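Peer 1: Sharing a structure, written as structure tokens. Questions coming.
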Amino acid sequence: MAATTYFETIKRSYTDVDIANGIDTTQFLEATEGVVNLFDKLGSSAFSVVQNDMNGNIKKIRDKLLSNPTANATLQGLMETEAPEKKRVATEGLLWLTRGLDFTAQALRRSIDNSAEELNISFTKSYENTLKKHHSFVVRPVFGLAMKACPYRKDFYEKIGVLTDAALELMKTWLAALENIISIINAVFQAHPEYIKGM
């Protein structure tokens, strides 16, 4: 019997997040907790800065959801509801969380597409394309250190149980669903710049 992959152990996959009538907030947060835990598989405390950032943003969105579960049932509804408020804490959390997810998705996509490339290269290139421009000179070295602490590609894929073609297909399906959700959220930000004005 084949080993269980990491993507079969998570509470919810991005493939199971309802996006038909807006991105389901609860399901999105459950799936995103799976990404946070994925950084444990990178096996370095250097990634705790990424995890802490993501967890903080998840909490901001969850707190907003719990304050009015009906109005905030979808991410789109949450942003719209919060838009008139002076402090848009959950929307800002979502903006940063999406940036973090984009960083992760791009790193994993590079890793899948370039099977000879080590993870530290995949993650560094992704960081340069995504988060780096949003980070201060103080934060950049911290992330740079985390990228250098990536395990060998072979060891990481063993830890997440992606050792067969079938397992790789499962990972690709999960990643494609994540990439789709990121693009939907970014499209909302582009269509409604007022949601993230001043952030």
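Peer 1: Report, to the nearest 10°, how far helix 48-67 tilts away from the longest principal axis of the Cα atoms in the chain, using its own Cα long axis and a range of 0 to 90°.
Peer 2: Between the helix axis and the principal axis of the chain, the angle is about 30 degrees.
Peer 1: Suppose the chain between Thr173 and Asn114 were pulled fully straight at 0.36 nm per residue; how much longer would it get relative to their current alpha carbon spacing?
Peer 2: Stretched fully, the Thr173-Asn114 segment lengthens by 19.5 nm.
Peer 1: Using 0.36 nm per residue of separation minus the Cα-Cα distance, give me the extension gain between Thr4 and Asp63 in nm, one decimal. Display every interim value, and only then the final one.
Peer 2: Numbers: separation 59, 0.36 × 59 = 21.24 nm, distance 3.30 nm.
Gain on stretching Thr4 to Asp63: 17.9 nm.
Peer 1: Report Rg(Cα)/(2.2 N^0.38 Å) for the range 22-192, keeping two decimals.
Peer 2: Taking the Cα Rg and dividing by 2.2 N^0.38 Å, one obtains 1.06.
Peer 1: Right, next: Taking θ as phi - 60°, what are the ³J(HN,Hα) couplings along the range 81-89 by the Karplus curve (6.51, -1.76, 1.60), each to the nearest whole Hz, with x for Gly and Pro?
Peer 2: 5, 7, 3, x, 6, 5, 9, 9, 4
Peer 1: So which lysines can Lys133 reach, going by Cα to Cα under 20 Å and dropping same-chain residues fewer than 8 places off?
Peer 2: Those lysines meeting the cut-off are Lys125, Lys148, Lys197.
Peer 1: Would you calculate the convex hull of the Cα atoms in the range 115-178 and tell me its volume per residue in Å³?
Peer 2: Dividing the Cα hull volume of the range 115-178 by its residues yields 95 Å³.
Peer 1: While we're looking at this one, here's another question. Counting other Cβ atoms within 10 Å of each Cβ, which trypsin sites (Lys or Arg not before Pro) in the range 61-119 have at most 16 and sit in a DSSP loop?
Peer 2: The qualifying sites are Lys86, Lys87.
Peer 1: Hull surface divided by four, with the convex hull built on the Cα atoms of the range 70-125: how many nm²? Walk me through the intermediate numbers first.
Peer 2: Working: hull surface 19.8 nm².
That works out to 4.9 nm², a quarter of the Cα hull's surface.
Peer 1: Between beta-carbons, use under 13 Å as the cut-off and find the net charge around Gln51, counting Lys and Arg +1, Asp and Glu -1. Each step should come with its number before you reach the end.
Peer 2: Details: positive: Lys41, Lys59; negative: Glu33, Asp40, Asp53.
Neighbour charge sum, excluding Gln51 itself: -1.
Peer 1: Next question, about the same structure. Quick one: which residues, 5+ away or cross-chain, put their amide H under 5 Å from the amide H of Arg88? H built at 1.01 Å from N.
Peer 2: Under 5 Å from the amide H of Arg88: no residue qualifies.
Peer 1: Can I ask one more? Per DSSP helix of 4 or more residues, -39500 (n - 2.57); summed, then divided by the residues of the chain. What does that give at 222 nm, rounded to the nearest 500?
Peer 2: Details: 8 runs with 122 residues, N = 199.
For the chain, the value works out to -20000 deg cm²/dmol.
Peer 1: While we're looking at this one, here's another question. I'd like the chymotrypsin sites (Phe, Trp or Tyr not before Pro) in the range 105-173 restricted to DSSP loop residues with at most 13 other Cβ atoms within 10 Å, sorted by number. Let's see the in-between values first.
Peer 2: Values: sites: Phe123, Tyr127, Phe137, Phe143, Tyr152, Phe156, Tyr157; in loops: Phe137, Tyr152.
Loop-located and lightly packed - Phe137, Tyr152.
Peer 1: Kindly provide the trypsin sites (Lys or Arg not before Pro) of the range 149-199 that DSSP labels as loop, not H, G, I, E or B, and whose Cβ sees at most 13 other Cβ atoms within 10 Å. Before the final figure, lay out the partial values.
Peer 2: Working: sites: Arg153, Lys154, Lys159, Lys172, Lys197; in loops: Lys197.
Counting only loop positions with at most 13 other Cβ atoms within 10 Å, the trypsin sites (Lys or Arg not before Pro) in the range 149-199 are Lys197.
Peer 1: Calculate, for Asp40 and Glu194, the FRET efficiency according to 1/(1 + (r/R0)^6) with r their C-beta to C-beta distance and R0 45 Å; round to the nearest 0.05. Could the numbers behind the result be given before it?
Peer 2: Details: r = 37 Å, r/R0 = 0.83.
So, using R0 = 45 Å, E works out to roughly 0.75.
Readers should treat all values here as calculations from the given coordinates under stated rules, not as data from a laboratory. Note that the structure is predicted; figures quoted are calculated from it, not measured. Methodologically, a virtual Cβ is constructed for each residue, glycine included, from the backbone with ideal geometry; neighbour enumeration extends over all protein chains shown.
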